[in-house]
Amino acid sequence: MVKADKTVFFCKECGYESAKWLGQCPGCKEVGTFVEEPKGPKNKIIRRNTTNSMPVTINEVKADDEERISTGFSELDRVLGGGVVPGGLILVGGDPGIGKSTLLLQVCRNMAALGKKILYISGEESLKQIKLRANRMGEFSNNLSLLSETSLDNIEAVVTETKPDAVVIDSIQTIYREDISSAPGSVSQVRESTNTLMQIAKGLTVPIFIVGHVTKEGVVAGPRVLEHMVDTVLYFEGDRHAAYRILRGVKNRFGSTNEIGVFEMREEGLKQVLNPSEFMLEGRPTDASGSVVACLMEGTRPILVEVQALINHTAFGMPRRTAVGTDYNRVNLLMAVIEKRMGIQMGDYDAYVNVAGGMKVNEPAMDLALVMALISSCKNRAIDPATLVFGEVGLSGEVRAVSNVQQRVMEAKKLGFKRCILPAVSVKSLKDVEGIELVGVKNIKEAGENIWHIRCVMV
């Protein structure tokens, strides 16, 4: 009788290893995160970096501004903090069919055209399949090499021998180490593969892009430690059935986080959108109620988006509430504030809220725009299309200050808006603003009076 292989349990969040299943992880305190996997032989630790490991004082370390490599996309370079850092490990996640592989193949094309030696490794497609996808994008330089491989040992050997200027791995869930008995995509395989790729990137000073598939919850499949190990984490957002794509940086050791890049999916591939505000406002109605424009900050970039609301008497016992692009609970909270502070009955109304353009927004500065859109739809009074609204709303109905007011107002002025409703406390911080009317409001009642020019219209 053959004895069954022993198994161990791994935490999907932090990688904690245990001989038995635990309800709560002792490492990260998460509940129900342990998965069972076969126990393989202990892996030998291989040192790839043979540099002197003696400690030195911080003043002895020379660290001038690092040379960055351009990806050929100014939008992607912005998200990365100015380009790719040599030796960086970059994780690109997103839903299936969103355009992760297309984006990275175009990045390979751009970098190869600049004279860089690029290696594209795919564990999901054959070489012919990659070529068929590349034919839609135009001509490629001979500096781009393709490899269809899933064995990490073979990948390491090829990268060490060829010494490319950049490497793309598509995807991390297909890569496996032969000395680990679990299947590709498992917690132990993803963890060990990422650790090996990190050593390769740092040891050879070569940037490596990793494609990571996401779960139904919207996080990268595999252990959470994967995102902790890499230098940069990028998420591709948007509806795969629509033309727009938003690339968001959620972690960046070499730049600011929450920067976004906007792309448009076309037949020949992704095309960057250099003016996302104009793109987001394209086709918006000018005389419909429930529509208002807000200015939001994504990293260091101000972006104008259209906030839409539809209020209607419910036909059921319990009103329906739907929010797309913003927090559902925030919408319910603001409706309660409207009812309490302005006397507008909203308890028996269905409410549908949408942020046009497919963006997911959680910034508090959108509160005032949401309130005005809800009231506009409820009273069926359109808002002047040349009016911009932003500000945070508290539970007392007060309009509170937000950050980067100067950038928001200047962006609105650049796109032709004539009037801006903003927090009264923020007006003092504005300097040298001409050509746009600034209206500071202290609460949502004042905002309504200034938008519709009628006192006590909201009784």
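Here are a few things to note about the model shown:
- Residue check for Val409: under 17 Å from Ile303 (Cβ atoms), assigned by TED's automatic domain parsing to the domain that holds Ala351 and in a loop (DSSP other than H, G, I, E, B): no
- Residue selected from segment 378-396 under the condition within 22 Å of Ser429 (Cα to Cα) and surrounded by fewer than 19 Cβ atoms within 10 Å (Cβ to Cβ), by the criterion farthest from the chain's Cα centre (by Cα): Gly394
- Strands (runs of 3 or more DSSP E) fully within segment 293-399 counting 1 or more residues that are in contact (Cβ under 8 Å) with a residue 12 or more places away in the chain and either over 27 Å from Met410 (Cα atoms) or outside the structural domain of Lys418 (by TED's automatic domain parsing) (or both): 301-313, 321-324, 349-355
- Qualifying residues in segment 52-71 (those that are under 23 Å from Lys116 (Cβ atoms) and β-branched (Val, Ile, Thr)) - the one modelled with the lowest pLDDT: Ile69
- Listed by first and then second residue, the pairs with beta-carbon distance under 7 Å, at least 6 apart or on different chains, first residue in segment 93-121 and closer than 21 Å to Ala242 by Cβ, second among the charged types (D, E, K, R) and in a loop (DSSP other than H, G, I, E, B), are Asp95/Arg240; Gly97/Arg240; Ile98/Arg240.
- When residues in segment 254-273 are screened for being in a loop (DSSP other than H, G, I, E, B) and within 22 Å of Pro302 (Cα to Cα), 7 of them pass.
- The condition of being touching a residue at least 24 places away in the same chain (Cβ under 8 Å) and on the phi > 0 side of the Ramachandran plot does not hold for Gly435.
- Number of the condition not met by Val427 [criteria: (1) crowded, with 19+ Cβ neighbours inside 10 Å; (2) out of contact with any helix residue (DSSP H, G or I) (no Cβ under 6 Å at 6 or more places or on another chain)]: (1)
- Here Ile58, Ile98, Ile69 are screened, and the one residue that is among the hydrophobic types (A, V, I, L, M, F, W, C), surrounded by fewer than 24 Cβ atoms within 10 Å (Cβ to Cβ), in contact with a strand residue (DSSP E or B) (Cβ under 6 Å, 6 or more places away or on another chain) and farther than 22 Å from Thr300 by Cα is Ile98.
- Subset of segment 281-302 that is among the aliphatic types (A, V, I, L, M) and surrounded by fewer than 23 Cβ atoms within 10 Å (Cβ to Cβ) - its residue that is nearest to Phe390 (Cα to Cα): Met297
- Scanning segment 268-287 for residues that are modelled with pLDDT of 85 or more, among the polar types (S, T, N, Q) and farther than 21 Å from Lys100 by Cβ yields a count of 2.
- Cβ pairs under 8 Å, 6+ apart, first in segment 14-31 and closer than 21 Å to Asn195 by Cβ and assigned by TED's automatic domain parsing to the domain that holds Met229, second among the aromatic types (Phe, Trp, Tyr) and surrounded by fewer than 15 Cβ atoms within 10 Å (Cβ to Cβ): none
The values are calculated or read from the model by the stated rules, or taken from the named source; none is laboratory data. Please read all numbers here as calculations on a predicted model, not as lab measurements. FYI the Cβ positions are ideal-geometry reconstructions off the backbone, even for glycines, and counts take in every protein chain you see.
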